[in-house]
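The values are calculated or read from the model by the stated rules, or taken from the named source; none is laboratory data. All values derive from a computational prediction rather than experimental measurement. Virtual Cβ from ideal backbone geometry, glycine too; neighbours counted across all protein chains shown.
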Amino acid sequence: MTRILNINNISRRKLLLTAAVAVPVTALASLSAEAKVAQGSVMYQAKPKDGHDCKACKLFEAPGSCKQVSGSISPNGWCMLWSPKA
Ligand code: SF4
């Protein structure tokens, strides 16, 4: 009887621990898939830098947005996440 009770307690504890870990991990995964960074945090500017601009970046989404940076993005802009299209 005591043994069965202990097994039930362990199972309940494992279930609660699993849920306690799984919920935050799931929440973080959905946030990282949707979250964008602020323009100021990546030094976004509305003009090219060193010949690089947003329209040549693989993260640019025409006509004026970016997969990683929030807000309106100029095709002629630039930020420190710039990465060339393949
Ligand atoms: S340079 Fe920066 S803001 Fe422009 S498209 Fe690339 S990642 Fe987005």
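Looking across the stretch 64-84 at every residue that is near the ligand (Cβ under 7 Å from one of its atoms) and closer than 14 Å to residue 48 by Cβ, the one that is surrounded by the fewest Cβ atoms within 10 Å (Cβ to Cβ) is identified as 82. Please indicate, with yes or no, whether at least one residue in the stretch 9-22 is at pLDDT 55 or above and surrounded by 11 or more Cβ atoms within 10 Å (Cβ to Cβ). The answer is no, given that none of the residues of the stretch 9-22 is at pLDDT 55 or above and surrounded by 11 or more Cβ atoms within 10 Å (Cβ to Cβ).
Hey, can you tell me all the residues within the stretch 38-59 that are more than 9 Å from the ligand (Cβ to nearest atom), over 9 Å from residue 79 (Cα atoms) and not small (Gly, Ala, Ser)? Residues satisfying the conditions are 47, 50.
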